[in-house]
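Written below as structure tokens is the structure these notes are about.
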Amino acid sequence: MGQAESSTESFQKQQPLQRQFIPGLPDEIAMDCLVRVPHQFHSIMKLVCHSWRSLIVHPSFYQERRRFAMAEHMVCLIQPIPSSSPVRTESSDSDESASSNHNMTTEEEEVHTKSSSPPLIQYGLSIYNATRQTWHRMVKPSAAHEGFPMFCQCVALPASGKLLLLGGWDPNTLEPVPDVYVLDLIGGARWRRAAPMLVARSFFACGAVGQSTVYVAGGHDNQKNALRSAEVYDTNTDEWRMLPPMAEERDECQGLSWEGDSRFWVVSGYSTDSQGRFRSDAECYDPVTGSWTRVGGVWPYPSVSPRGLTTTVTNSNRSNSRGHQNQCQWWWFLGSQQQQQYNGRVKESDISNKIIWDVENSVQLPRGINGTSFACVNALGLDQDQCSVDDPNQQMQWIFLMGSGGGGRGTSSAAVTCGDCECEGEGAYILEWKRDSKGGSTSKWNHVHTPAAFSGFPYSASSLLI
């Protein structure tokens, strides 16, 4: 029986006339070397030769990076930044077509980590490389003349290595915008302007479902009216389509989705007449039936928004009696009076087809988060290839958490000690959570050094494994 075709062989079949990646070395060994180059240098690698360029933009290269456990976890954050921070811009791809149908810019700006400039209100896309423990800031799209929209949402598409920025406010007029920008981190950190949303909105629920579908729902319009409308975007066709409206208006709602589940959830939010009083229910859209289902008793805190405080986790449950089955979890990171983080497990009954929300476990927040401020969390996850060799059923998750000192949504004046230096604000943390095949779990918080230029509180966060 023949062995499965490797990613290297797959690439070679599609590039029959290509020379060796590294002259004198078999391509398998050359690939072993090339996948170990950090992502920040991939743009330079593309300039070496045509074969390297073709390789760097091919999906098989990133499949190999995962197979060799060389993939890097990128946490993408929309946050206020000090506009006068000194930057060093890497050289762009000189052979990118200037006549492309889409507006594109390339590469990253690396912000000097010792900047002490006072923060000015503007917004940027920051990327924390959790694998390399480095911070970078992305150049804004050329089409975004006034900079990134305030309060725009970022949604990751892990299968394609793309990041979408959606909606938000125009920085000058403070009006909601329908703008959509796509950043391709696999294709050379290039931006393109995508088809706009059908409805300009802000503070809405959004989430990626499957490999190429993005849902948005709720939020509010330019008159601060809460919305019931929802729409779906197909990244392959660059087209938006309206969905049936939700049963309720939902401003400042939270979007949820899980790997392997085709449904999209919109949690809590409030109506135009009940601003600040968050609903306890949720609505779930099923593309199979094309309809919304209302689910009660989901969010028990009427004075707390779930936005930014929650994240979804999908665990592979191999020990399940019914065979391999994913376990969907919704993690809450609560401050103020709650003073703890809850792990909410979601499971579906085969008989009644009802959703049961159950508190399964709790983990203490890190000491640097005082429990009185906002937080922004995002699940990074870990591949099975990076799990324990001794226990292949062991589940491992990384959760990124960033606080905002002083209780405000902006750059904080607070600081926490990080080794021999201080981090601005409450800083950031990564929770390492492990669960063995017997159901036991351990957790550990690791502090993330946060330079002043990256201390602004994130309004939206997402992550990619590149």
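The values are calculated or read from the model by the stated rules, or taken from the named source; none is laboratory data. None of the values given here were measured: they were computed from a predicted structure. A quick note on method: Cβ atoms are made from the backbone with ideal geometry, for glycine too, and the neighbour counts reach across all protein chains shown.
Rundown of residues vs (1) in contact (Cβ under 8 Å) with a residue 12 or more places away in the chain; (2) among the hydrophobic types (A, V, I, L, M, F, W, C); (3) surrounded by fewer than 24 Cβ atoms within 10 Å (Cβ to Cβ); (4) not assigned by TED's automatic domain parsing to the domain that holds residue 43, yes/no style:
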| residue | (1), (2), (3), (4) |
| --- | --- |
| 173 | no, no, yes, yes |
| 183 | yes, yes, no, yes |
| 188 | yes, no, yes, yes |
| 209 | yes, yes, yes, yes |
| 218 | yes, no, no, yes |
| 242 | yes, yes, yes, yes |
| 254 | yes, no, no, yes |
Quiz item: In segment 54-92, which residue that is touching a Gly at 6+ places or on another chain (Cβ under 9 Å) and part of a helix (DSSP H, G or I) is modelled with the lowest pLDDT?
Solution: 59
Exercise. Given the conditions (1) outside the structural domain of residue 140 (by TED's automatic domain parsing); (2) in a loop (DSSP other than H, G, I, E, B); (3) modelled with pLDDT under 90, report the number of the one that residue 43 does not fulfil.
Key: (2)
Quiz item: Which of the residues spanning segment 50-80 are touching a Ser or Thr at 6+ places or on another chain (Cβ under 8 Å), among the hydrophobic types (A, V, I, L, M, F, W, C) and farther than 29 Å from residue 454 by Cα?
Solution: 61
Quiz prompt | Filtered residues of segment 243-296 (kept if aliphatic (A, V, I, L, M) and within 24 Å of residue 459 (Cβ to Cβ)) | solution = 246, 256, 266, 267, 282
Self-check item: Contacts under 6 angstrom Cβ, first residue in segment 221-237 being closer than 14 Å to residue 203 by Cβ, partner hydroxyl-bearing (Ser, Thr, Tyr) and surrounded by 13 or more Cβ atoms within 10 Å (Cβ to Cβ), 6 or more apart
Solution: 225/272; 226/271; 226/272
Quiz item: Applying the selection to segment 186-197, what residues are at pLDDT 90 or above and assigned to a loop (DSSP other than H, G, I, E, B)?
Solution: 194, 195, 196, 197
Exercise. Looking only at segment 242-263, count how many residues are farther than 18 Å from residue 304 by Cα and of a type in the set (D, E, K, R).
Key: 4
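So which residues in segment 219-242 are over 19 Å from residue 268 (Cα atoms) and part of a loop (DSSP other than H, G, I, E, B), if there are any at all?
222, 223, 235, 236, 237, 238
Across segment 28-40, which residue is surrounded by the fewest Cβ atoms within 10 Å (Cβ to Cβ) among those that are touching a residue at least 40 places away in the same chain (Cβ under 8 Å) and either touching a helix residue (DSSP H, G or I) at 6+ places or on another chain (Cβ under 9 Å) or in a loop (DSSP other than H, G, I, E, B) (or both)?
Applying the filter and picking the extreme gives 38.
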Quiz item: Being closer than 24 Å to residue 280 by Cβ, charged (D, E, K, R) and modelled with pLDDT of 95 or more, is that true of even one residue in segment 229-240?
Solution: no
